[in-house]
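Derivation of every value follows stated rules applied to the coordinates shown; laboratory data play no part. Please read all numbers here as calculations on a predicted model, not as lab measurements. In this analysis, Cβ positions are derived from the backbone assuming ideal geometry, glycine residues included, and neighbour counts consider all displayed protein chains.
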Amino acid sequence: MATATKAAQSGTAATEAAANQVTDTYAKATAAAKDIVTRTTDAIAPVVKSAEAKTQELTETFTAEVKKAGAKSKELTETLTAEYKKAEEKSKELTETFTAEVKKAEAKSKELTETFAAEYKKAEAKAKELTEAFSAEVKKAIVLSVDTYSDAVKRYLDLTVEFVDSFKVDAVSDLTRTNAKAIGDLVDTSVGTAHDLLK
């Protein structure tokens, strides 16, 4: 009976010793883990602070660049607006000038057409008095005059288009080309009419 009691006591002591050993091992492991966490935190903390400082520096730099870009964008917008207004005013001025020139050209074209018609009638009356050969020479001379006038007007229109194109304002250039074509067509019609009359 005493032996059984001793054995039981011995088993209890062994269990307690094992439990104590586990507790001690757990405590040491916990302490080691805490030590690792503390060392890791101490090692990482400066890096984190440095990264935060760098992030703040980059944020401030980026903000400054954004402000510069905004100011530059505003400056460019104002410059572009001013240049556009200048171009618009120049376009208006050129359009008015060209319109006045077109009106002058139309009036001159009408005047010349009437003059040619009158001259032709005179020449025709005179030609009737002369021989057919002389009449043919008169017609050639008139055709040459009409063609010379046509060539002169077309050259003037080409020079006007080149002059306007030098300003590099597409709207004005397009308007100039349209008006030049209209005047050219008018002259061609007048010349064609004169040629028909001379046949």
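Details
- Value in Å of the Kirkwood radius, where the stretch 87-198 supplies the Cα pairs that are averaged: 15.6 Å
- When the alpha carbon gyration tensor of the chain is reduced to an equivalent ellipsoid, the three semi-axes, largest first, read 113, 21, 11 Å.
- Packing-based order for 83-93, 173-183, using average beta carbon neighbours within 10 Å, highest first: 173-183, 83-93
- The stretch 53-104: translational diffusion in µm²/s, Stokes-Einstein, Kirkwood Rh over Cα pairs, 4 °C, 1.567 mPa s: 90 µm²/s
- Nearest-ten-degree value, helix 132-165 long axis tilted from longest Cα axis of the chain: 20 degrees
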